[in-house]
1. In units of 2.2 N^0.38 Å, what is the alpha-carbon radius of gyration of the range 1-130?
2. Roughly how many debye, to the nearest 20, is the charge dipole of the chain about its Cα centre, given +1 on each Lys and Arg Cβ, -1 on each Asp and Glu Cβ, and no other charges?
3. Would you kindly calculate the mean projected area, averaged across all directions, of the convex hull enclosing the Cα atoms of the range 285-379, in square nanometres?
4. Using the 2.2 N^0.38 Å rule of thumb for compact globular proteins, work out how the range 165-297 stacks up: its C-alpha Rg over that value, please.
5. What value, in deg cm²/dmol to 500, does the helix sum -39500 (n - 2.57) over DSSP H runs of n ≥ 4 give at 222 nm once divided by the residues of the chain?
6. Along the charge dipole of the chain, pointing to its positive end and built from +1/-1 on Cβ of Lys, Arg, Asp and Glu, which listed residue (LEU310, GLY8, VAL357) has its Cα farthest out?
7. Which percentage, to the nearest 5, of the DSSP beta bridges contained in the chain is antiparallel?
8. Calculate one ³J(HN,Hα) per residue across the range 327-336 by plugging θ = phi - 60° into the Karplus curve 6.51 cos²θ - 1.76 cosθ + 1.60, and present them in order as whole Hz with x for glycine and proline.
Amino acid sequence: MKIQAVRGMQDILPAQKKLYRRVEDAARATLDAYGYQEVGLPLLEQTRLFQRSVGENTDIVAKEMYTFEDRNGDSLTLRPEGTASCVRFGEENGLFFNQMQRLWYSGPMFRHERPQKGRYRQFEQIGVECFGMPGPDIDSELLLLCARIWRKLGIEDQLRLELNSLGNSETRDQFTTHLVEYLSRYLNDLDEESQRRLKTNPLRILDSKDDRTRDILKEAPVLSQFLDDESRQHIDSLCAMLDQSGVSYLINPAIVRGLDYYNRTVFEWVTDNLGAQGTVCGGGRYDGLVSQLGGKDTPAVGFAMGLDRLAMMLPSVDEDSAGLDIFFVSQGGAARAAAVGLAEDLRNALNAKSIQVHCGGGKFKAQLKKADASGASLAIILGEEEVENGTVGVKYLRSRREQITVNQSELAIWCQSHFGKE
Ligand code: HAM
(Lines give C-alpha, C1' and ligand atoms only; values in the text may rest on other atoms or scores of the structure.)
Protein backbone atom coordinates (compact mmCIF):
# COMPACT_ATOMS: atom_id res chain seq x y z
CA MET A 1 0.00 0.00 0.00
CA LYS A 2 1.22 3.47 -0.88
CA ILE A 3 1.79 5.80 2.01
CA GLN A 4 -0.40 8.89 1.92
CA ALA A 5 -0.16 12.29 3.58
CA VAL A 6 -1.53 12.60 7.11
CA ARG A 7 -5.16 13.82 7.17
CA GLY A 8 -5.40 17.59 7.35
CA MET A 9 -1.75 18.07 6.32
CA GLN A 10 -1.79 19.75 2.94
CA ASP A 11 0.52 19.20 0.00
CA ILE A 12 1.02 22.54 -1.69
CA LEU A 13 1.66 22.30 -5.43
CA PRO A 14 3.93 24.77 -7.27
CA ALA A 15 1.10 26.85 -8.76
CA GLN A 16 -0.52 27.15 -5.32
CA LYS A 17 2.78 27.88 -3.59
CA LYS A 18 3.27 30.85 -5.93
CA LEU A 19 0.15 32.40 -4.43
CA TYR A 20 1.49 31.88 -0.89
CA ARG A 21 4.68 33.56 -2.04
CA ARG A 22 2.71 36.58 -3.28
CA VAL A 23 1.05 36.94 0.11
CA GLU A 24 4.39 36.55 1.91
CA ASP A 25 6.12 39.05 -0.38
CA ALA A 26 3.36 41.64 0.11
CA ALA A 27 3.41 41.16 3.88
CA ARG A 28 7.21 41.21 4.13
CA ALA A 29 7.54 44.38 2.02
CA THR A 30 4.88 46.12 4.11
CA LEU A 31 6.36 45.02 7.44
CA ASP A 32 9.79 46.23 6.28
CA ALA A 33 8.27 49.55 5.28
CA TYR A 34 6.81 49.99 8.79
CA GLY A 35 10.09 49.03 10.49
CA TYR A 36 9.02 45.66 11.94
CA GLN A 37 11.70 43.08 12.74
CA GLU A 38 11.46 39.43 11.78
CA VAL A 39 12.20 36.78 14.42
CA GLY A 40 12.55 33.00 14.28
CA LEU A 41 10.53 30.97 16.76
CA PRO A 42 10.73 27.20 17.30
CA LEU A 43 7.92 24.90 16.20
CA LEU A 44 8.06 23.02 19.49
CA GLU A 45 7.42 24.51 22.92
CA GLN A 46 6.72 23.18 26.40
CA THR A 47 3.05 22.20 26.59
CA ARG A 48 2.64 24.39 29.70
CA LEU A 49 3.26 27.53 27.66
CA PHE A 50 0.01 27.13 25.70
CA GLN A 51 -1.97 25.84 28.65
CA ARG A 52 -1.09 28.96 30.63
CA SER A 53 -1.61 31.49 27.80
CA VAL A 54 -4.15 30.30 25.25
CA GLY A 55 -6.13 28.80 28.15
CA GLU A 56 -7.07 25.33 29.41
CA ASN A 57 -10.73 25.69 28.43
CA THR A 58 -10.24 26.90 24.89
CA ASP A 59 -10.87 24.51 22.00
CA ILE A 60 -7.24 24.81 21.00
CA VAL A 61 -5.82 23.57 24.30
CA ALA A 62 -8.68 21.27 25.30
CA LYS A 63 -8.82 19.26 22.10
CA GLU A 64 -6.64 20.44 19.24
CA MET A 65 -3.00 20.35 20.30
CA TYR A 66 -0.41 17.95 18.96
CA THR A 67 1.15 17.08 22.28
CA PHE A 68 3.63 14.30 22.95
CA GLU A 69 6.37 13.23 25.31
CA ASP A 70 9.85 13.50 23.87
CA ARG A 71 12.67 11.08 24.62
CA ASN A 72 13.40 12.81 27.92
CA GLY A 73 9.80 12.48 29.07
CA ASP A 74 9.10 16.24 28.66
CA SER A 75 5.64 17.18 27.45
CA LEU A 76 6.08 19.15 24.23
CA THR A 77 3.53 20.64 21.83
CA LEU A 78 3.74 21.58 18.16
CA ARG A 79 2.81 25.25 18.34
CA PRO A 80 -0.90 25.86 17.63
CA GLU A 81 -0.23 29.62 17.38
CA GLY A 82 2.66 32.06 17.69
CA THR A 83 1.72 34.70 20.28
CA ALA A 84 2.58 32.60 23.34
CA SER A 85 5.91 31.59 21.78
CA CYS A 86 6.69 35.20 20.91
CA VAL A 87 6.05 36.29 24.52
CA ARG A 88 8.24 33.47 25.81
CA PHE A 89 10.91 34.43 23.28
CA GLY A 90 10.85 38.13 24.16
CA GLU A 91 11.03 37.45 27.87
CA GLU A 92 13.81 34.88 27.54
CA ASN A 93 15.90 37.16 25.34
CA GLY A 94 15.40 40.29 27.44
CA LEU A 95 13.52 42.24 24.76
CA PHE A 96 10.78 43.68 26.93
CA PHE A 97 12.51 45.61 29.68
CA ASN A 98 11.74 49.34 29.11
CA GLN A 99 11.60 48.72 25.40
CA MET A 100 9.16 48.92 22.57
CA GLN A 101 9.24 46.06 20.11
CA ARG A 102 7.56 45.50 16.78
CA LEU A 103 8.18 41.87 15.81
CA TRP A 104 6.91 39.40 13.26
CA TYR A 105 7.29 35.71 12.44
CA SER A 106 5.97 33.27 9.89
CA GLY A 107 5.60 29.55 9.51
CA PRO A 108 3.37 26.56 10.11
CA MET A 109 1.01 26.14 13.07
CA PHE A 110 -0.67 22.87 14.07
CA ARG A 111 -4.21 22.27 15.33
CA HIS A 112 -6.09 19.00 15.28
CA GLU A 113 -9.32 20.50 13.91
CA ARG A 114 -11.85 18.83 11.61
CA PRO A 115 -10.31 19.45 8.17
CA GLN A 116 -12.38 21.22 5.52
CA LYS A 117 -11.88 23.89 2.85
CA GLY A 118 -9.76 26.61 4.44
CA ARG A 119 -9.22 24.65 7.64
CA TYR A 120 -6.18 22.42 7.95
CA ARG A 121 -4.27 20.69 10.69
CA GLN A 122 -1.05 22.28 9.50
CA PHE A 123 -1.52 25.83 8.25
CA GLU A 124 0.66 28.85 7.64
CA GLN A 125 0.51 32.11 9.54
CA ILE A 126 2.30 35.41 9.46
CA GLY A 127 2.08 36.83 12.96
CA VAL A 128 2.89 40.35 14.15
CA GLU A 129 3.35 41.25 17.83
CA CYS A 130 4.04 44.65 19.39
CA PHE A 131 5.20 45.14 22.97
CA GLY A 132 5.51 48.11 25.29
CA MET A 133 2.85 50.35 23.72
CA PRO A 134 -0.42 50.73 25.64
CA GLY A 135 -2.36 53.22 23.48
CA PRO A 136 -4.81 52.86 20.60
CA ASP A 137 -2.21 54.39 18.24
CA ILE A 138 -0.39 51.06 17.87
CA ASP A 139 -3.71 49.22 17.43
CA SER A 140 -4.53 51.54 14.56
CA GLU A 141 -1.03 51.17 13.07
CA LEU A 142 -1.53 47.40 12.94
CA LEU A 143 -4.89 47.75 11.23
CA LEU A 144 -3.50 50.22 8.69
CA LEU A 145 -0.64 47.84 8.03
CA CYS A 146 -3.12 45.03 7.34
CA ALA A 147 -5.19 47.27 5.07
CA ARG A 148 -2.06 48.12 3.10
CA ILE A 149 -1.24 44.43 2.60
CA TRP A 150 -4.78 43.77 1.34
CA ARG A 151 -4.44 46.68 -1.11
CA LYS A 152 -1.08 45.33 -2.34
CA LEU A 153 -2.76 42.00 -2.99
CA GLY A 154 -5.79 43.62 -4.64
CA ILE A 155 -8.24 41.97 -2.23
CA GLU A 156 -9.25 45.01 -0.15
CA ASP A 157 -12.77 45.05 -1.61
CA GLN A 158 -13.40 41.47 -0.50
CA LEU A 159 -12.51 42.06 3.16
CA ARG A 160 -14.22 43.84 6.00
CA LEU A 161 -12.80 44.73 9.37
CA GLU A 162 -14.85 43.74 12.41
CA LEU A 163 -13.90 45.25 15.75
CA ASN A 164 -14.89 44.83 19.36
CA SER A 165 -13.63 45.69 22.82
CA LEU A 166 -13.46 43.04 25.54
CA GLY A 167 -12.67 45.60 28.22
CA ASN A 168 -10.58 44.54 31.21
CA SER A 169 -10.74 41.29 33.14
CA GLU A 170 -13.47 42.68 35.41
CA THR A 171 -15.59 43.54 32.36
CA ARG A 172 -15.15 40.04 31.15
CA ASP A 173 -16.00 38.47 34.52
CA GLN A 174 -19.10 40.61 35.05
CA PHE A 175 -20.32 40.03 31.52
CA THR A 176 -19.66 36.29 31.77
CA THR A 177 -21.68 36.07 34.99
CA HIS A 178 -24.64 37.89 33.42
CA LEU A 179 -24.40 35.91 30.20
CA VAL A 180 -24.33 32.58 32.03
CA GLU A 181 -27.28 33.65 34.17
CA TYR A 182 -29.28 34.61 31.09
CA LEU A 183 -28.37 31.56 28.98
CA SER A 184 -29.00 29.13 31.86
CA ARG A 185 -32.68 30.05 31.60
CA TYR A 186 -32.67 28.57 28.07
CA LEU A 187 -30.33 25.69 28.80
CA ASN A 188 -32.39 23.00 27.05
CA ASP A 189 -32.88 25.11 23.93
CA LEU A 190 -29.18 25.70 23.37
CA ASP A 191 -27.26 23.51 20.94
CA GLU A 192 -25.17 20.77 22.49
CA GLU A 193 -21.84 22.51 21.99
CA SER A 194 -23.15 25.70 23.64
CA GLN A 195 -24.53 23.72 26.58
CA ARG A 196 -21.06 22.33 27.11
CA ARG A 197 -19.46 25.76 26.69
CA LEU A 198 -21.77 27.27 29.26
CA LYS A 199 -19.64 25.46 31.83
CA THR A 200 -16.23 25.71 30.19
CA ASN A 201 -15.99 28.84 28.03
CA PRO A 202 -19.31 30.76 27.94
CA LEU A 203 -18.04 33.69 25.83
CA ARG A 204 -17.51 31.35 22.90
CA ILE A 205 -21.27 30.73 22.78
CA LEU A 206 -21.48 34.16 21.12
CA ASP A 207 -19.74 32.54 18.13
CA SER A 208 -22.38 29.82 17.79
CA LYS A 209 -23.68 29.19 14.28
CA ASP A 210 -26.79 27.35 15.53
CA ASP A 211 -29.99 29.22 14.55
CA ARG A 212 -31.85 28.56 17.76
CA THR A 213 -28.91 29.61 19.93
CA ARG A 214 -28.48 32.71 17.77
CA ASP A 215 -32.13 33.60 18.38
CA ILE A 216 -31.67 33.28 22.13
CA LEU A 217 -28.55 35.43 21.94
CA LYS A 218 -30.51 38.31 20.40
CA GLU A 219 -31.86 39.26 23.83
CA ALA A 220 -28.71 38.39 25.77
CA PRO A 221 -26.73 41.02 27.71
CA VAL A 222 -24.02 42.66 25.59
CA LEU A 223 -20.44 43.08 26.64
CA SER A 224 -20.32 46.80 25.87
CA GLN A 225 -22.72 47.44 28.79
CA PHE A 226 -19.94 46.38 31.14
CA LEU A 227 -17.00 48.22 29.58
CA ASP A 228 -14.84 50.23 32.00
CA ASP A 229 -14.23 53.90 31.17
CA GLU A 230 -10.63 53.48 30.05
CA SER A 231 -11.49 50.65 27.69
CA ARG A 232 -14.36 52.68 26.27
CA GLN A 233 -12.03 55.62 25.66
CA HIS A 234 -9.49 53.28 24.08
CA ILE A 235 -11.92 51.85 21.53
CA ASP A 236 -13.44 55.29 20.82
CA SER A 237 -10.00 56.78 20.08
CA LEU A 238 -9.13 53.79 17.91
CA CYS A 239 -12.32 54.25 15.91
CA ALA A 240 -11.59 57.97 15.51
CA MET A 241 -8.10 57.17 14.19
CA LEU A 242 -9.49 54.66 11.72
CA ASP A 243 -12.12 57.17 10.57
CA GLN A 244 -9.39 59.70 10.01
CA SER A 245 -7.31 57.25 7.97
CA GLY A 246 -10.26 56.14 5.86
CA VAL A 247 -10.28 52.52 7.07
CA SER A 248 -13.86 51.35 7.39
CA TYR A 249 -14.90 48.93 10.09
CA LEU A 250 -17.90 47.43 11.75
CA ILE A 251 -18.34 47.06 15.49
CA ASN A 252 -19.31 43.43 16.05
CA PRO A 253 -20.11 42.62 19.71
CA ALA A 254 -19.97 38.88 18.90
CA ILE A 255 -16.22 38.92 18.34
CA VAL A 256 -14.66 37.38 21.43
CA ARG A 257 -11.82 35.35 19.79
CA GLY A 258 -11.03 31.76 20.61
CA LEU A 259 -7.99 32.40 22.82
CA ASP A 260 -8.14 33.49 26.46
CA TYR A 261 -5.41 36.12 26.56
CA TYR A 262 -7.22 39.05 24.95
CA ASN A 263 -8.43 42.26 26.55
CA ARG A 264 -9.72 45.56 25.10
CA THR A 265 -9.35 45.70 21.30
CA VAL A 266 -10.09 42.51 19.36
CA PHE A 267 -10.57 42.34 15.61
CA GLU A 268 -11.01 40.08 12.62
CA TRP A 269 -10.72 40.63 8.89
CA VAL A 270 -13.48 38.63 7.25
CA THR A 271 -14.50 37.69 3.71
CA ASP A 272 -17.73 36.19 2.41
CA ASN A 273 -15.89 34.51 -0.47
CA LEU A 274 -14.39 31.51 1.34
CA GLY A 275 -17.47 29.80 2.75
CA ALA A 276 -17.47 28.94 6.44
CA GLN A 277 -13.77 29.74 7.01
CA GLY A 278 -14.00 33.43 6.18
CA THR A 279 -11.68 34.88 8.82
CA VAL A 280 -8.34 35.52 7.15
CA CYS A 281 -6.74 37.49 9.97
CA GLY A 282 -7.43 37.98 13.66
CA GLY A 283 -5.87 39.60 16.67
CA GLY A 284 -6.11 42.10 19.45
CA ARG A 285 -4.55 43.37 22.66
CA TYR A 286 -3.21 41.03 25.32
CA ASP A 287 -1.90 43.41 27.97
CA GLY A 288 -1.87 40.79 30.73
CA LEU A 289 -0.06 37.95 29.00
CA VAL A 290 3.58 38.90 29.57
CA SER A 291 3.07 39.19 33.34
CA GLN A 292 0.87 36.10 33.37
CA LEU A 293 3.83 34.18 31.94
CA GLY A 294 6.16 35.51 34.62
CA GLY A 295 7.44 38.78 33.11
CA LYS A 296 6.91 42.42 34.06
CA ASP A 297 3.64 44.11 33.15
CA THR A 298 4.03 44.83 29.42
CA PRO A 299 1.24 46.06 27.19
CA ALA A 300 0.98 44.09 23.96
CA VAL A 301 -1.05 43.82 20.79
CA GLY A 302 -0.80 41.71 17.66
CA PHE A 303 -2.49 39.70 14.99
CA ALA A 304 -1.93 36.69 12.74
CA MET A 305 -3.05 36.21 9.16
CA GLY A 306 -3.76 32.81 7.64
CA LEU A 307 -1.75 32.38 4.45
CA ASP A 308 -3.73 29.38 3.24
CA ARG A 309 -6.96 31.37 3.26
CA LEU A 310 -5.42 34.52 1.79
CA ALA A 311 -3.80 32.51 -1.02
CA MET A 312 -7.24 31.07 -1.86
CA MET A 313 -8.52 34.60 -2.43
CA LEU A 314 -5.96 35.41 -5.14
CA PRO A 315 -6.54 34.73 -8.84
CA SER A 316 -4.78 31.52 -9.88
CA VAL A 317 -1.58 31.57 -11.90
CA ASP A 318 -0.43 29.65 -14.99
CA GLU A 319 -0.14 26.04 -13.84
CA ASP A 320 2.83 24.86 -15.90
CA SER A 321 5.06 27.84 -16.26
CA ALA A 322 8.11 27.87 -14.05
CA GLY A 323 8.41 31.59 -14.81
CA LEU A 324 11.84 31.33 -16.48
CA ASP A 325 13.60 33.92 -18.64
CA ILE A 326 16.15 31.77 -20.45
CA PHE A 327 16.11 28.05 -21.27
CA PHE A 328 19.19 26.25 -22.62
CA VAL A 329 18.76 23.32 -24.99
CA SER A 330 21.66 21.22 -26.22
CA GLN A 331 22.58 18.06 -28.02
CA GLY A 332 25.79 16.05 -27.67
CA GLY A 333 28.22 15.76 -24.75
CA ALA A 334 30.40 18.77 -25.61
CA ALA A 335 27.33 20.99 -26.19
CA ARG A 336 25.81 19.91 -22.90
CA ALA A 337 28.99 20.83 -21.01
CA ALA A 338 29.19 24.17 -22.83
CA ALA A 339 25.54 24.91 -21.97
CA VAL A 340 26.18 24.35 -18.26
CA GLY A 341 29.19 26.71 -18.32
CA LEU A 342 27.43 29.41 -20.37
CA ALA A 343 24.38 29.30 -18.10
CA GLU A 344 26.65 29.95 -15.10
CA ASP A 345 28.23 32.91 -16.94
CA LEU A 346 24.76 34.33 -17.60
CA ARG A 347 23.72 33.84 -13.97
CA ASN A 348 26.76 35.93 -12.99
CA ALA A 349 25.96 38.63 -15.53
CA LEU A 350 22.17 38.81 -15.17
CA ASN A 351 21.44 38.34 -11.49
CA ALA A 352 17.70 38.97 -11.56
CA LYS A 353 16.94 36.57 -14.42
CA SER A 354 16.01 32.95 -14.01
CA ILE A 355 17.85 30.55 -16.20
CA GLN A 356 17.48 26.81 -16.58
CA VAL A 357 19.50 24.22 -18.48
CA HIS A 358 17.59 21.30 -19.93
CA CYS A 359 18.86 18.07 -18.36
CA GLY A 360 18.19 14.55 -19.51
CA GLY A 361 18.90 14.73 -23.27
CA GLY A 362 16.29 14.12 -25.96
CA LYS A 363 15.60 15.57 -29.40
CA PHE A 364 15.85 19.33 -30.01
CA LYS A 365 12.16 19.46 -30.87
CA ALA A 366 11.10 17.95 -27.55
CA GLN A 367 13.51 20.18 -25.66
CA LEU A 368 12.17 23.30 -27.39
CA LYS A 369 8.65 22.29 -26.42
CA LYS A 370 9.81 22.25 -22.81
CA ALA A 371 11.50 25.62 -23.33
CA ASP A 372 8.20 27.03 -24.53
CA ALA A 373 6.22 25.58 -21.62
CA SER A 374 8.74 26.98 -19.12
CA GLY A 375 7.55 30.52 -19.85
CA ALA A 376 11.07 31.58 -20.96
CA SER A 377 11.36 34.34 -23.53
CA LEU A 378 14.60 33.02 -25.02
CA ALA A 379 15.87 29.53 -25.89
CA ILE A 380 19.63 29.28 -26.25
CA ILE A 381 20.56 26.43 -28.54
CA LEU A 382 23.83 24.51 -28.65
CA GLY A 383 24.60 21.64 -31.02
CA GLU A 384 27.86 20.27 -32.42
CA GLU A 385 28.09 23.05 -35.01
CA GLU A 386 27.73 25.81 -32.40
CA VAL A 387 30.38 24.19 -30.22
CA GLU A 388 32.75 24.08 -33.17
CA ASN A 389 32.12 27.72 -34.13
CA GLY A 390 32.03 29.07 -30.57
CA THR A 391 28.49 30.37 -31.09
CA VAL A 392 24.93 29.74 -29.86
CA GLY A 393 21.57 29.95 -31.56
CA VAL A 394 19.11 32.33 -29.89
CA LYS A 395 15.46 31.62 -30.51
CA TYR A 396 12.80 34.16 -29.51
CA LEU A 397 10.02 32.13 -27.90
CA ARG A 398 7.50 34.93 -27.40
CA SER A 399 7.81 36.82 -30.70
CA ARG A 400 7.97 35.97 -34.37
CA ARG A 401 11.52 37.20 -34.88
CA GLU A 402 14.03 35.06 -36.81
CA GLN A 403 16.47 32.91 -34.84
CA ILE A 404 19.90 34.56 -34.64
CA THR A 405 23.47 33.45 -33.98
CA VAL A 406 25.54 35.04 -31.21
CA ASN A 407 29.19 34.43 -30.31
CA GLN A 408 29.52 32.61 -26.99
CA SER A 409 32.03 35.21 -25.81
CA GLU A 410 29.47 37.98 -26.43
CA LEU A 411 26.40 36.16 -25.12
CA ALA A 412 26.35 37.77 -21.67
CA ILE A 413 26.59 41.29 -23.08
CA TRP A 414 24.02 40.48 -25.76
CA CYS A 415 21.57 39.22 -23.09
CA GLN A 416 22.16 42.25 -20.87
CA SER A 417 21.29 44.55 -23.72
CA HIS A 418 18.32 42.35 -24.79
CA PHE A 419 16.74 42.35 -21.32
CA GLY A 420 17.68 45.99 -20.76
CA LYS A 421 15.53 46.89 -23.77
CA GLU A 422 12.55 44.81 -22.68
P1 HAM B 1 -6.31 32.76 15.37
O2 HAM B 1 -7.57 33.54 15.14
O3 HAM B 1 -6.43 31.49 16.08
O4 HAM B 1 -5.34 33.75 16.13
O5 HAM B 1 -5.61 32.51 13.98
C6 HAM B 1 -5.28 33.56 13.10
C7 HAM B 1 -5.60 33.18 11.66
O8 HAM B 1 -4.98 31.95 11.33
C9 HAM B 1 -7.08 32.92 11.40
O10 HAM B 1 -7.78 34.12 11.16
C11 HAM B 1 -7.03 32.06 10.16
O12 HAM B 1 -6.87 32.86 9.00
C13 HAM B 1 -5.76 31.25 10.37
N14 HAM B 1 -6.11 29.90 10.87
C15 HAM B 1 -6.38 29.53 12.13
N16 HAM B 1 -6.66 28.21 12.20
C17 HAM B 1 -6.56 27.73 10.94
C18 HAM B 1 -6.70 26.44 10.33
N19 HAM B 1 -6.99 25.36 11.06
N20 HAM B 1 -6.52 26.32 9.00
C21 HAM B 1 -6.19 27.39 8.25
N22 HAM B 1 -6.03 28.63 8.75
C23 HAM B 1 -6.20 28.81 10.08
C24 HAM B 1 -4.09 33.42 16.56
O25 HAM B 1 -3.49 32.44 16.21
C26 HAM B 1 -3.45 34.50 17.41
N27 HAM B 1 -2.11 34.02 17.80
C28 HAM B 1 -3.39 35.81 16.66
C29 HAM B 1 -2.74 36.91 17.45
C30 HAM B 1 -1.49 37.36 17.35
N31 HAM B 1 -3.34 37.59 18.42
C32 HAM B 1 -2.46 38.47 18.91
N33 HAM B 1 -1.33 38.31 18.27
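1. Working: Rg = 16.5 Å, N = 130, 2.2 N^0.38 = 14.0 Å.
Expressed relative to 2.2 N^0.38 Å, the Cα Rg reads 1.18.
2. Values: 51 positive and 61 negative charges, 255 e Å.
With Lys and Arg at +1 and Asp and Glu at -1, about 1220 debye.
3. On the way: hull surface 45.9 nm².
Computing the convex hull of the Cα atoms and averaging its projections yields 11.5 nm².
4. On the way: Rg = 15.8 Å, N = 133, 2.2 N^0.38 = 14.1 Å.
The value comes to 1.12.
5. On the way: 14 runs with 158 residues, N = 422.
After summing the helix terms and dividing by residue count, I get -11500 deg cm²/dmol.
6. VAL357
7. Numbers: 50 of 62 bridges.
Approximately 80 percent, going by the DSSP bridge assignments.
8. Working through the residues one at a time gives 10, 8, 10, 8, 9, x, x, 5, 5, 4 Hz.
The values are calculated or read from the model by the stated rules, or taken from the named source; none is laboratory data. Here the structure is a predicted model, which is why all the values come from computation and not from measurement. Cβ sites come from the backbone with ideal geometry, for glycine too, and all protein chains shown count toward neighbours. Side chains included, ligands, DNA and RNA excluded: accessible areas come from the protein's heavy atoms. Shrake-Rupley method; radii C 1.70, N 1.55, O 1.52, S 1.80 Å.
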